[in-house]
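The values are calculated or read from the model by the stated rules, or taken from the named source; none is laboratory data. Because the structure is predicted, anything quoted here is derived from the model rather than measured. Backbone-built Cβ (ideal geometry, glycine too); neighbour counts: all protein chains shown.
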Ligand code: PEP
Ligand code: MG
């Protein structure tokens with residue numbers, strides 16, 4: 001640290017820790033949406049200068065659009081780079097640029113304002129046309145105009161996939177698409193004003209082992225690009241200008257965590273078995289095929305949830321059957337002989353297609369998402385089912401449908417599955433005719449009729465992230481109501497119990513793949529309620545195994561019985577903490593945020 005830095009005052013911002021780890025480095029502020037341009041009159045003799053500024057911004061924009069895909073293609077597959085090709089087409093189309101030049105000449109207004117006017121008009125017109133191809137171009141026009149605007153203003157806002165070096169990213173909010181695109185080799189960690197533990201942005205951070213803190217109020221307005229910072233993903237802190245003593249303290253914390261990790265790593269080959277002999281399956285959740293290796297290295301006995309929709313984000317085209325087949329086959333190979341559960345796409349909610357693919361919804365979590373989308377688009381759904389069936393010919397693959405709310409949806413999905421099998425049979429392709437199929441139970445109505453659904457599937461996986469959201473009517477990504485999002489709410493626990501009872505009655509297994517499954521304090525509760533499998537971010541797995549091996553199922557069952565009769569989520573949380581402290585005190589110390597470092 002330089003002398004100048006050591007004189008700066010240390011500032012501590014507190015939020016909610018969603019992905020463990022400590023990052024030290026320089027802040028990169030990922031900007032909010034641009035301010036609208038103001039209208040100013042330009043003197044006649046200054047109009048040529050506005051022409052030149054616009055021309056230079058166009059040159060810069062072209063340069064960026066040709067350079068980014070080179071990097072982008074390497075990181076994510078060249079198909080994603082097609083977005084940039086589409087943007088280049090817009091830039092080459094004189095429609096936009098000539099209008100700006102013409103109006104500049106005629107109206108003598110600053111070029112930012114004219115560009116905004118022209119682009120808005122095109123966006124409005126294009127987004128209303130019937131033709132879906134042209135509608136998609138509306139978003140391209142808007143994106144290109146934004147890029148030109150940034151260049152006109154001389155803003156050096158890099159994209160997250162194109163960071164200047166290793167950085168701690170601070171933003172108002174990050175969408176799952178932003179997070180999916182970010183250059184994982186350069187993002188040291190991130191902190192956001194908004195967000196919650198079960199937002200997909202947080203989930204991706206955990207899967208990728210990137211420390212992250214969310215719900216930091218207005219931190220993005222309090223820090224600047226270039227600030228020295230330390231991000232504490234264990235306790236939910238962002239410390240700007242950390243002092244020497246803070247850095248020393250964190251050095252010690254890291255040593256302690258490494259020691260624990262080394263101890264946990266010794267459990268890798270040991271079974272997840274309770275003291276009284278109950279064997280539990282511990283699996284990992286992944287979003288990208290390349291996370292399978294980390295899942296295996298953390299000791300996962302399978303992929304309990306592969307969120308395949310991430311193959312569909314940040315691109316204009318849809319992934320074809322062969323591309324999906326290759327991705328599923330890859331994951332199955334890495335995890336072999338363990339199973340891989342392909343969750344069919346759960347697009348919608350907070351995970352949206354690229355702009356232009358469909359209309360914004362008022363209540364996206366209650367809208368066209370999950371299996372509803374798939375059943376309405378059998379063309380897309382069948383490609384995915386066929387790819388999974390084919391990958392199942394050699395790999396241990398199971399299929400699972402998200403957002404099932406009633407039996408008829410399961411029946412319609414089963415009919416399409418049969419159609420796909422018939423087609424593959426006719427085409428003489430190898431596939432797994434006996435592929436196991438499961439339903440996610442994440443909508444309260446599905447839990448209430450689990451008894452009806454159980455006879456039609458091979459397994460259930462309880463998606464507690466959504467189940468809690470829908471049962472308690474608490475938006476899972478809204479930090480203002482995050483305090484109401486209580487996994488231990490007895491209403492939620494009773495629904496989980498109904499699902500387990502239905503599974504038992506039909507002799508099928510039941511897992512939990514929501515974030516509850518990766519919380520070591522909640523593990524005794526889920527096992528006490530009767531879960532057979534827990535699937536979580538790979539990084540959570542060692543600690544969960546530690547708890548499983550320290551606990552008794554009989555204690556957990558007694559605890560779960562009490563919890564089902566409780567009236568208060570806080571009370572249940574307290575019992576769980578006391579229980580885990582009694583069997584594994586070090587775990588409670590590790591997962592409870594540090595209290596001393598209040599700002
Ligand atoms: C869930 O809802 O609990 C779940 C696992 O699915 P997702 O988080 O992708 O909605
Ligand atoms: Mg869900």
Would the range 367-376 turn up any residue that is more than 22 Å from the chain's Cα centre (by Cα), over 30 Å from residue 137 (Cβ atoms) and either outside any helix (DSSP H, G or I) or without any contact (Cβ under 8 Å) to a residue 12 or more places away in the chain (or both)? no
What is the number of the single condition among (1) more than 16 Å from ligand 1 (Cβ to nearest atom); (2) within 30 Å of residue 556 (Cβ to Cβ); (3) under 14 Å from the mean Cα position of the chain (by Cα) that residue 210 does not meet? (2)
Being within 27 Å of the chain's Cα centre (by Cα) and either under 23 Å from residue 490 (Cβ atoms) or in the same structural domain as residue 302 (by TED's automatic domain parsing) (or both) is the filter here, so list the residues in the range 545-554 that pass it. 547
Taking residue 418 as the residue in question, decide whether it is within 16 Å of ligand 2 (Cβ to nearest atom), exposed (fewer than 15 other Cβ atoms within 10 Å of the Cβ) and not assigned by TED's automatic domain parsing to the domain that holds residue 510. no
Kindly check whether there is at least one residue in the range 348-366 that is within 16 Å of ligand 2 (Cβ to nearest atom), part of a helix (DSSP H, G or I) and out of contact with any strand residue (DSSP E or B) (no Cβ under 9 Å at 6 or more places or on another chain). yes
So which of 169, 144 is within 29 Å of the chain's Cα centre (by Cα), within 22 Å of residue 186 (Cβ to Cβ) and buried (at least 16 other Cβ atoms within 10 Å of the Cβ)? 169
Only one of these conditions is not met by residue 454: (1) under 28 Å from the mean Cα position of the chain (by Cα); (2) touching a residue at least 40 places away in the same chain (Cβ under 8 Å); (3) away from ligand 1 (no atom under 16 Å from the Cβ). Which number is it? (1)
Which ones in the range 464-475 are near ligand 1 (Cβ under 8 Å from one of its atoms) and within 24 Å of residue 172 (Cα to Cα)? 465, 466, 469
Among the residues of the range 504-522, is any in contact with a strand residue (DSSP E or B) (Cβ under 7 Å, 6 or more places away or on another chain) and closer than 18 Å to residue 571 by Cβ? no
Scanning the range 305-327 for residues that are out of contact with any strand residue (DSSP E or B) (no Cβ under 7 Å at 6 or more places or on another chain) and not in a helix (DSSP H, G or I), the one modelled with the highest pLDDT turns out to be 320
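Condition check ((1) under 20 Å from the mean Cα position of the chain (by Cα); (2) touching a residue at least 60 places away in the same chain (Cβ under 8 Å); (3) under 19 Å from residue 512 (Cα atoms)) across all residues:
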{"site": "230", "(1), (2), (3)": "no, yes, no"}
{"site": "246", "(1), (2), (3)": "no, yes, no"}
{"site": "255", "(1), (2), (3)": "no, no, no"}
{"site": "270", "(1), (2), (3)": "no, yes, no"}
{"site": "290", "(1), (2), (3)": "yes, no, no"}
Within the range 528-542, residues being surrounded by fewer than 24 Cβ atoms within 10 Å (Cβ to Cβ) and in a helix (DSSP H, G or I) number 2
Kindly list the number of the only condition in (1) modelled with pLDDT of 95 or more; (2) surrounded by fewer than 21 Cβ atoms within 10 Å (Cβ to Cβ); (3) out of contact with any strand residue (DSSP E or B) (no Cβ under 9 Å at 6 or more places or on another chain) that fails for residue 596. (1)
Can you tell me which residue within the range 501-526, out of those that are more than 21 Å from residue 207 (Cα to Cα) and surrounded by fewer than 24 Cβ atoms within 10 Å (Cβ to Cβ), is nearest to the chain's Cα centre (by Cα)? 509
Within the range 253-276, can one find any residue that is out of contact with any strand residue (DSSP E or B) (no Cβ under 7 Å at 6 or more places or on another chain), in a loop (DSSP other than H, G, I, E, B) and within 19 Å of residue 30 (Cβ to Cβ)? no
Does the range 262-276 contain at least one residue that is at pLDDT below 95 and either surrounded by 23 or more Cβ atoms within 10 Å (Cβ to Cβ) or within 16 Å of ligand 2 (Cβ to nearest atom) (or both)? no
Sole residue being over 29 Å from the mean Cα position of the chain (by Cα), at pLDDT below 85 and assigned to a helix (DSSP H, G or I), chosen from 104, 58, 89: 89
Among (1) surrounded by fewer than 22 Cβ atoms within 10 Å (Cβ to Cβ); (2) away from ligand 1 (no atom under 16 Å from the Cβ), there is one condition residue 364 misses while meeting the rest; what is its number? (2)
Would it be correct to say that residue 576 is in a helix (DSSP H, G or I), assigned by TED's automatic domain parsing to the domain that holds residue 487 and more than 18 Å from residue 283 (Cβ to Cβ)? yes
